[in-house]
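In what follows, a structure is listed as structure tokens, so that the remarks can point back to it.
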């Protein structure tokens with residue numbers, strides 16, 4: 001093949017080619033395809049020498065194509081010969097789009113060579129060559145707006161450089177390319193859609209993707225349908241979820257890779273491994289569960305988390321894009337994402353969304369920096385980001401990195417302590433203590449602040465969230481109690497209380513009503529929701545709630561047997577609510593082995609009522625606080641009992657010790673031996689708290705069968721002083 005190539009070239013490209021017609025460009029394409037089969041650089045060198053004296057435009061393009069192939073094979077590694085040859089062509093024939101496009105390819109090859117040089121200094125190695133390549137592609141489109149390779153190259157370069165200033169000119173060029181032809185190729189429409197989306201034109205992007213998806217090119221149409229879904233989801237437009245899941249069963253490997261790439265910023269390695277093993281409808285079903293689990297864990301409605309994910313991806317790529325080609329790390333970098341697309345702000349944003357508080361203070365001596373705080377029910381997350389560089393490692397003014405403490409921000413050693421610490425004082429009183437306390441107290445505060453930063457990074461970079469937010473905070477309480485059955489299925493009882501603060505009553509039938517929305521989810525170890533509900537309860541009362549009064553309600557969740565985390569949110573009115581801290585509940589089986597349920601405590605003045613059986617009412621309170629001297633009703637169930645057999649019930653109230661232990665003898669004891677009336681024992685007891693002083697206690701119930709088998713359950717309470 002190599003020996004016959006020179007004569008083949010003479011047949012394909014006569015010297016009289018003008019280089020402007022479609023047939024001329026096809027001839028260049030055939031030449032390039034022929035050269036792609038050549039692996040012998042010596043043959044290419046001989047051919048280059050033979051073409052060196054050609055002075056016609058076509059001959060110079062032939063020469064440039066040969067030199068480009070030599071560059072691809074590392075014989076002209078820096079593409080210097082190719083760039084020189086092509087610059088000569090465009091200088092003499094600036095209206096040749098193919099020459100401009102090939103010059104762009106030479107610049108891209110040059111950029112790859114520059115970036116491969118491990119000893120070259122700087123964070124933007126190769127960027128200048130790519131910017132010149134982009135300009136060459138633009139010149140190619142100026143010469144002929146219908147030239148598809150230049151349009152696709154321009155879009156790829158603009159998006160790849162991640163410089164938002166380049167997006168609008170590139171988009172406008174592709175709009176002209178689209179208008180210039182009656183039937184634009186699907187690949188052009190796909191590229192245009194991506195630029196429309198990058199410039200925050202979702203409607204135009206959706207239309208471009210729709211046109212690309214209906215084209216004859218099946219490879220382009222498949223990825224165009226996914227791009228259409230991505231854009232609709234990010235914009236909150238209708239149909240995004242349907243499009244997303246409809247394409248998920250595809251056999252197109254490029255589309256499957258795109259789905260995986262979208263999951264990678266938040267999915268665990270085990271999730272991605274599972275995704276890789278699935279195909280067709282199984283992959284689609286897995287994706288549906290992946291996103292529905294996140295909806296339920298965040299107490300959201302179906303589809304919210306998926307839409308939010310694509311909104312975050314688009315926002316992060318637009319606002320936190322990495323415009324560097326290299327990332328050097330130093331000892332103060334607390335996290336190494338490995339991302340070449342977004343900086344550490346983008347990593348956190350995609351995982352957790354917009355922060356509740358975002359500080360960007362100016363402090364003399366500091367490099368650009370930010371601090372983000374997320375207020376979450378399970379504890380705040382605090383992230384410090386620093387741009388710039390110092391003697392401890394690499395960095396860049398446009399590459400924000402996570403650090404553990406404000407003391408690690410680039411330039412902190414040169415910044416005035418008072419300005420540095422007081423710039424964050426609104427986030428936590430720790431910063432004032434770090435500045436004003438004595439040496440020992442300040443050292444403890446600094447260690448605490450660093451520990452919070454380290455824990456936030458560890459948690460924040462391995463999880464994702466979409467916490468509900470409310471403009472007004474309800475005074476609300478809740479608990480989940482694993483007790484009871486419904487048609488043989490165990491129940492988890494969510495009982496809650498809503499105080500008067502921030503509630504909004506609605507006049508109704510001579511009184512007022514309150515609509516309270518309760519969202520509850522039980523999650524297993526994989527964060528899969530084994531049970532969930534989203535329901536609204538109506539409360540009608542004579543008059544609006546006063547201080548100290550509560551609406552108390554109950555919601556049943558049929559649940560499997562096991563130990564689960566639970567999450568819940570309570571809402572009242574248009575924008576008032578509260579997300580409760582995550583807690584846990586154990587749901588016991590209904591037999592046949594001996595099994596003791598959760599302990600239900602209640603007081604008549606502040607409890608929901610539940611009919612455990614006909615004519616058997618149980619009080620359930622969401623509170624763990626009880627007044628000293630009061631009387632508390634205790635209820636529990638024992639499953640797996642044998643009718644007629646005697647069971648021992650031992651009840652004790654112990655003072656809570658340190659680290660969760662119990663102190664000595666119980667403060668209150670009760671022992672009962674009684675025969676079971678059925679296979680489920682429904683036990684009602686009364687606890688007298690008159691002897692208890694204010695403090696923390698644990699109520700313990702032990703039930704022992706005649707054969708000595710036993711089960712034990714505990715519940716923590718606090719006893720407080722009565723109000724006078």
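Rule-based calculations on the coordinates, nothing more; no lab input. Given the structure is predicted, the values throughout are model-derived calculations rather than measurements. For neighbour counting, all protein chains shown are included, and Cβ atoms are generated from backbone atoms with ideal geometry for every residue, glycine included.
Looking at segment 412-518 from every direction and averaging, what is the projected area of its Cα convex hull in nm²?
If I average the Cα hull's projected area over directions, I get 13.5 nm².
Three principal axis extents of segment 461-506 based on alpha-carbon atoms, in descending order, are 42, 41, 16 Å. Relative to the compact-globule estimate of 2.2 N^0.38 Å, the Cα radius of gyration of segment 584-641 comes out at 1.27.
Cβ crowding within 10 Å ranks 461, 46 as 46, 461, fewest other Cβ atoms first. Cβ-to-Cβ counts within 10 Å put 52, 384, 649 in ascending order as 52, 649, 384, the fewest first.
At 222 nm, what helix-only mean residue ellipticity would the chain give, in deg cm²/dmol to the nearest 500, using -39500 (n - 2.57) for each DSSP H run of four or more?
Working: 21 runs with 278 residues, N = 724.
Result for the chain, helices only: -12000 deg cm²/dmol.
Relative to the longest principal axis of the Cα atoms of the chain, the long axis of helix 304-319 lies at roughly 40 degrees. Between residue 279 and residue 210, the C-beta separation translates, for a Förster distance of 22 Å, into a calculated FRET efficiency of about 0.25. Beyond 49 Å, the tail of the calculated P(r) for the chain holds 37 percent of the Cα pairs. Across q = 0.09, 0.10, 0.11, 0.16 Å⁻¹, segment 112-268 modelled as identical point scatterers on its alpha-carbon atoms has Debye log10 I(q)/I(0) values of -0.33, -0.40, -0.49, -0.95, in the order of the q list. How far, in degrees from 0 to 90, does helix 439-460 lean away from the longest principal axis of the Cα atoms of the chain, to the nearest 10? Long axis of 439-460 versus the principal axis of the chain: about 70 degrees.
Which of the peptides 363-375, 323-335 is most tightly packed, and how do the rest follow, going by the mean number of other Cβ atoms within 10 Å of each residue? Before the final figure, lay out each step's value.
Working: 363-375: 18.6, 323-335: 17.1.
In descending order of packing, they fall as 363-375, 323-335.
FRET efficiency for the pair residue 377 and residue 56, taken as 1/(1 + (r/R0)^6) with r the Cβ-Cβ distance and R0 = 60 Å, rounds to 0.20. Per-residue Cβ neighbour counts within 10 Å put 698, 541, 98 in the sequence 541, 698, 98, beginning with the fewest. log₁₀ I(q)/I(0) of segment 588-724 at q = 0.19 Å⁻¹, via Debye over equal Cα point scatterers, no solvent, to two decimals? Listed by q, the Debye log ratios stand at -1.14.
Determine the gain in length on full extension of the stretch residue 271-residue 668; use 0.36 nm per residue of separation and subtract their C-alpha separation, reporting nm with one decimal. Provide the component values of the computation, followed by the final result.
Details: separation 397, 0.36 × 397 = 142.92 nm, distance 4.99 nm.
Full extension of this stretch gives 137.9 nm more.
For segment 391-442, dividing the convex hull volume of the Cα atoms by the residue count gives 109 Å³ per residue. Based on a Kirkwood Rh over C-alpha pairs, give the Stokes-Einstein translational diffusion coefficient of segment 224-317 at 20 °C and viscosity 1.002 mPa s in µm²/s. Stokes-Einstein gives a translational diffusion coefficient of 161 µm²/s.
I'd like the distance separating the alpha-carbon centroids of segment 567-584 and segment 649-707, in whole Å. When both Cα centres are located, 31 Å separates them.
A straight chain from residue 454 to residue 436 at 0.36 nm per residue would run longer than the Cα-Cα distance by 4.2 nm. The share of Cα pairs per 5 Å bin across segment 472-587, counted from zero up to the longest distance, runs 2, 12, 22, 21, 16, 12, 9, 5, 1, 0 percent.
Is any residue of segment 629-645 close enough, with backbone N under 14 Å, to a label point placed 7 angstrom from the Cα of residue 690 along the Cα-Cβ axis, and if so, which? Hits in segment 629-645 for residue 690 at 14 Å: 629-632.
Compute the convex hull volume of the Cα atoms of segment 101-191, divide it by the residue count, and report the result per residue in Å³ as a whole number. Kindly include the intermediate steps, with their values, before the conclusion.
Numbers: hull volume 7.4 nm³, N = 91.
For segment 101-191, the hull spanned by Cα atoms encloses 82 Å³ per residue.
On a per residue basis, the convex hull of the C-alpha atoms belonging to segment 268-326 measures out at 129 Å³.
Measuring r between the beta carbons of residue 176 and residue 91 and using R0 = 30 Å, the FRET efficiency lands at 0.75. Averaging 1/r across all pairs of distinct Cα atoms in segment 320-460 and inverting the result yields a Kirkwood radius of 15.3 Å.
Rounded to the nearest 10 degrees, the inclination of helix 202-213 to the longest alpha-carbon principal axis of the chain is 70 degrees.
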